[in-house]
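**Student:** Sharing a structure, written as structure tokens. Questions coming.
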Amino acid sequence: MHRETGKMPTKKSGAIEDLLTAMTGRDRRESIQSNICTWCGSSATQFKSKLSEKEYTISGMCQECQDRAFSEKGSDDDNW
Ligand SMILES: [Zn+2]
């Protein structure tokens, strides 16, 4: 069991939370508390920065999914 950080999911409006749950089929709060990515289902324990870690408590996205979702720096793959 990895319970070293004990992240607390942020509180969101119920509507957004319901939407996320509907979209991903996973309960966001439950996933975050067990350090599971709500998007890809992998374990979400490694983050590049505090900001990414915070983002995880908001969106439930692991580092990898965050990188994919916020590839705003337009690095190598911007041919979507
Ligand atoms: Zn993920």
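Read-outs throughout are calculated quantities, based only on the coordinates presented, and are distinct from any laboratory measurement. This one's a predicted model, so the numbers in the text were calculated from it and none came from an experiment. Here Cβ is always computed from backbone atoms with ideal geometry, including for glycine, and neighbour counts include all displayed protein chains.
**Student:** Report the chymotrypsin sites (Phe, Trp or Tyr not before Pro) located in region 1-71 that are in a DSSP loop and have at most 14 other Cβ atoms inside 10 Å of their Cβ, or state none.
**Tutor:** On the way: sites: TRP39, PHE47, TYR56, PHE70; in loops: TRP39, PHE47, PHE70.
Within region 1-71, the qualifying chymotrypsin sites (Phe, Trp or Tyr not before Pro) (loop, at most 14 other Cβ atoms within 10 Å) are PHE70.
**Student:** Right, next: Which whole-number percent of Cα pairs in region 14-69 have a distance greater than 17 Å?
**Tutor:** Details: 409 of 1540 pairs.
That fraction is 27 percent.
**Student:** Right, next: Could you give the size of the charge dipole of region 14-69 about its Cα centre, using +1 on the Cβ of each K and R and -1 on the Cβ of each D and E, expressed in debye and rounded to the nearest 20?
**Tutor:** On the way: 7 positive and 8 negative charges, 30 e Å.
The dipole magnitude comes to about 140 debye.
**Student:** Another question, if that's okay. Can you pull out the trypsin sites (Lys or Arg not before Pro) in region 38-73 that DSSP calls coil and that have at most 13 other Cβ atoms within 10 Å?
**Tutor:** Numbers: sites: LYS48, LYS50, LYS54, ARG68, LYS73; in loops: LYS48, LYS73.
Answer in residue order: LYS48, LYS73.
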